[in-house]
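*Asks:* Sending over a structure as structure tokens; questions will come in a sec.
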Amino acid sequence: MFKKIILVFFVLIIVLVGLGYFKVYQPYLKIKAKGQILMASSQQLKAVFKKNNIDLIKKQIDEITSKYKEFKKETQSIAWLEFVPQVKDFQNGIIAGDYLLKAAKDTVVAIAPYADLIGFKKGEASFVEKSAEDRLQTAVLTLDKMLQKIDIISEDIKNAEDRINTIDTNRYPEKIGKTVVRERLVNAKEQFTGLASMFVEAKPFLKKLPVILGKDKEQIYLLLFQNDKEKRATGGFLTAYAIFRIKDGKMRIERSNDIYSLDASIANHPAAPDDILTYHKGVSQFYIRDSNLSPDFAESVKLFDSLYQKSNIKIEYDGIIAIDTKILVDMLSIFGDTEVRGIRFSADIDKRCNCPQVIYKLLDEIDRPVGYVKEDRKGILGDLMYALFYKAIGFSPSKYWGTLAQTMLRNLEEKHILLNFTDSEVQKSIEKLNYAGRIKEYNNDYLHVNNVNFAGAKSNLFVTESLISKAKTQGDSIEKELTVEFRNPYSASDCNLERGGLCLNAQLRNWIRVYVPRGSTLIDFQGSEMKVKTYEELGKTVFGGFLKVNPEGIAKVIIKYRLPKAIKLDKYSILVQKQPGAQKGKLKVEIDGKTIYDGLLEKDIEAKK
């Protein structure tokens, strides 16, 4: 009897091993092989995209679809294992892939007839042969046709996102051997859901694009130029402005001038707010050029508009677009040297400031004192932007437009372009995309450091900034230590106006505000040369101070504070919002001595424990 039991036992083991081999292991190997082929085909799509050829993209997507069908067919061999949670996750991923491929094919079908309008190469070249204005007009008039499938595409992406969201990453091990598993799955899932949500949230904006570009009704926009080399709350000192109108894609600049001319059009300026009286140098009235006081761009627009409505040259506008010097540099890098008013502007590095030549040349033209009156000296910015715009639409779209679109999207993410629209639906969509420069709500730890250069020349051209945020448990709460360090390694400029010196690098007078979760308690603030202020604003608690940074000098503030008790270390995460206009800032985030982020602060960063 015992021998029979042993025999049956071994037979069962052999059967199970056989089943495991033929029903699990062999299917796994075949699925893996098909998956590798599919991945290779998908990787090729990246290279194809760089060629900006719509026909090649369509061909590659068709190839991926074919490989995906083969892969999906192979996965049916393990469908009987769907009671296993990991297999169910895998199947949901497969379904998500179906939706994404459908969305990709629909997108290509939608844009194919208009591919050359948006910078893709294709067989016909009729669009390239049209004049610059006709190109943009054609693009605007056909945008609504191109966007007809956006609801279907958006729905497919949302369905894919719903499937991906069913995957529970906690059921996977942190590692298998030396291979990191869970963290990779978490990152992949978060990246996908983030991109999917962004597309769905962008839909109202995309559908409104024809209207924004003047289809059927003329649109009027104010373009504000912020000089980030003299940093202000929303990016930089308001140096110049332009008014442009767009109707059916045809644009004309109605007016381009320096910001002082706009201030001069206001008969009576109100008294300056307390912050300007406290931190600015010798300013007692409230000017439009100082109106971007709030780190929240929408709030600064309200301050701007409260003064703008007093101007005798005001006009009603449909939106405000703010840009800084990086846009000029990027456009010159793409389109090459550009001449305006007999002056050549370039993106090449100028040794006199170790900065792009266009920056030095503009500052030289605008700020250097001369023995005669320079008419409309800051209006040259508007002329340069106008020239660059017409260069953009003057080139073959397939040559530059793809690169330009990618560059401008990156600048929107990095807050070198800020948007504000009077249309509430468009504005809401822009805010969801994080293109509106808003101070965001966040249910965990939060940090935004805002610096304002009040009468410190153009010192931000030379000053670098680094943030170190440390969190640690103290009893039943979390204590934070924030170090903000400023370095200016360059020597001072000749700031003697009588000698005609170009005063770029001088002592930086810096008003610093640190925005943290509402209800945080200040413990200590070291490094401020004025009395520290603590108050509530924009849904945050704010610690405000003032410091000076000398050429060839270092200055820092060290702030200790306690977070609200609702924020727990075991579920800790932090959103660090970058100041608009800032470049090459550094950020390090530590929790109980463990670094969870260490890199550049080029855009808003969310770091998790």
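*Asks:* Which of the aspartates and glutamates could a cross-linker span from Lys229 if the Cα-Cα distance has to be under 14 Å and same-chain partners fewer than 8 positions apart are dropped?
*Replies:* Asp324, Asp364, Asp367, Glu465
*Asks:* Any idea how far apart Ser265 and Lys88 come out in nm if each label point goes 7 Å out from Cα toward Cβ?
*Replies:* A separation of 6.4 nm, rounded to one decimal place.
*Asks:* Let me ask something additional. Taking H placed 1.01 Å from N in the peptide plane, check which residues at least 5 places from Tyr597 or on another chain put their amide H under 5 Å from its amide H.
*Replies:* Close amide H contacts, sequence-distant or interchain: Val589.
*Asks:* Among bridges DSSP assigns within region 449-593, what percent are antiparallel (round to 5)?
*Replies:* Once the DSSP bridges in region 449-593 are tallied, antiparallel ones form about 85 percent.
*Asks:* Another question about this same structure. Can you tell me which of 521-534, 409-422 comes out highest on packing, and rank the rest after it, using the mean Cβ neighbours within 10 Å?
*Replies:* Most protected by this proxy first, the peptides run 409-422, 521-534.
*Asks:* Under the 0.36 nm per residue contour assumption, what length would be gained going from the current alpha-carbon distance of Lys250 and Leu569 to full extension?
*Replies:* Full extension from Lys250 to Leu569 adds 109.4 nm.
*Asks:* Which entries of Lys472/Lys533; Lys351/Lys603; Lys207/Lys584 show an alpha-carbon separation above 30 angstrom in the structure shown?
*Replies:* From Lys472/Lys533; Lys351/Lys603; Lys207/Lys584, over 30 Å: Lys207/Lys584.
*Asks:* Cut-off is 10 Å between beta-carbons; in what order do Val542, Val180 appear when sorted fewest neighbours first?
*Replies:* Result, fewest neighbours first: Val180, Val542.
*Asks:* Given a cut-off of 29 Å, name the pairs among Lys58/Lys440; Lys72/Lys608; Lys67/Lys189; Lys58/Lys189 whose C-alpha atoms lie farther apart than that in the structure shown.
*Replies:* Listed pairs above 29 Å: Lys58/Lys440; Lys72/Lys608.
*Asks:* Taking only C-alpha pairs under 8 Å that are 6+ residues apart, what is the relative contact order of region 395-527 in percent?
*Replies:* Averaging sequence separation for qualifying contacts and normalising by length gives 25 percent for region 395-527.
*Asks:* Extension gain Lys73-Ser528, at 0.36 nm per residue separation less the Cα-Cα distance, in nm?
*Replies:* Contour length minus the Cα-Cα distance gives 157.2 nm.
*Asks:* Residue by residue through region 282-294, what is 3J(HN,Hα) from phi via Karplus (6.51 cos²θ - 1.76 cosθ + 1.60, θ = phi - 60°)? Round to whole Hz and write x for glycine and proline.
*Replies:* Coupling constants for region 282-294: x, 10, 10, 10, 9, 10, 4, 5, 10, 7, 7, 7, 7 Hz.
*Asks:* By how many nm would the segment from Lys149 to Gln285 grow when fully extended, if each residue of separation counts as 0.36 nm and the alpha-carbon distance is taken off?
*Replies:* 43.7 nm
*Asks:* If you average the sequence gap of Cα pairs under 8 Å that are 6 or more apart and divide by the length of region 445-608, what percent do you get for the contact order?
*Replies:* About 30 percent, as a whole number.
*Asks:* Cα gyration tensor of region 219-432, axes a ≥ b ≥ c as square roots of the eigenvalues: rounded (a/c below 1.5), prolate (a/b > b/c) or oblate?
*Replies:* oblate
*Asks:* Calculated FRET efficiency, Asp162 and Leu209, Cβ-Cβ r, R0 30 Å, to nearest 0.05?
*Replies:* Plugging the Cβ-Cβ distance into 1/(1 + (r/R0)^6) gives 0.70.
*Asks:* With each pseudo-label sitting 7 Å past Cα toward Cβ, what's the Arg518-Thr169 distance in nm, one decimal?
*Replies:* For the pair Arg518/Thr169, the computed spacing is 3.0 nm.
Every number here is computed from the coordinates shown, using simple stated rules; none is lab data. Please read these numbers as outputs of a predicted model, since none were measured by experiment. No Cβ is skipped: glycine too gets one built from the backbone with ideal geometry, and neighbour counts run over all protein chains shown.
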